[in-house]
Ligand SMILES: [Zn+2]
């Protein structure tokens, strides 16, 4: 599984991302390119992600706010969940 995104203007690539820590749940309203309209989803304000970088080295990184929400949305997709 490969996941790439823009983190505050910086391009990042993650292989096999996995959320290992999350805190402060909230209800989000999200739209999706593969759906029409928006749906409610439970998201976390802060997540710690374990992944492998381009050299397949294990890495950990904490994301918050909007970036964290995008990652949760995309990881859901990778697991076959549409929001
Ligand atoms: Zn989507």
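Quick one: count up the residues across region 60-69 that are part of a strand (DSSP E or B) and surrounded by 15 or more Cβ atoms within 10 Å (Cβ to Cβ). Qualifying residue count, region 60-69: 2. Residue count for region 60-83, restricted to those that are more than 12 Å from the ligand (Cβ to nearest atom), under 14 Å from residue 3 (Cβ atoms) and touching a residue at least 24 places away in the same chain (Cβ under 8 Å): 3.
Every residue, every condition in (1) touching a residue at least 60 places away in the same chain (Cβ under 8 Å); (2) in a strand (DSSP E or B); (3) within 15 Å of the ligand (Cβ to nearest atom), yes or no:
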{"residue": "4", "(1), (2), (3)": "no, yes, yes"}
{"residue": "12", "(1), (2), (3)": "no, yes, no"}
{"residue": "15", "(1), (2), (3)": "no, yes, no"}
{"residue": "34", "(1), (2), (3)": "no, no, yes"}
{"residue": "46", "(1), (2), (3)": "no, yes, no"}
{"residue": "50", "(1), (2), (3)": "no, yes, no"}
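Residue-level check: of (1) assigned to a strand (DSSP E or B); (2) under 16 Å from residue 5 (Cβ atoms); (3) away from the ligand (no atom under 15 Å from the Cβ), residue 30 misses just (3).
Values quoted throughout were computed directly from the atomic coordinates according to the rules given, and no laboratory measurement underlies them. It should be emphasised that the depicted structure is a prediction, and the values quoted were computed from it without experimental measurement. Here the Cβ is made from the backbone with ideal geometry for all residues, glycine too, and neighbour counts use every protein chain on show.
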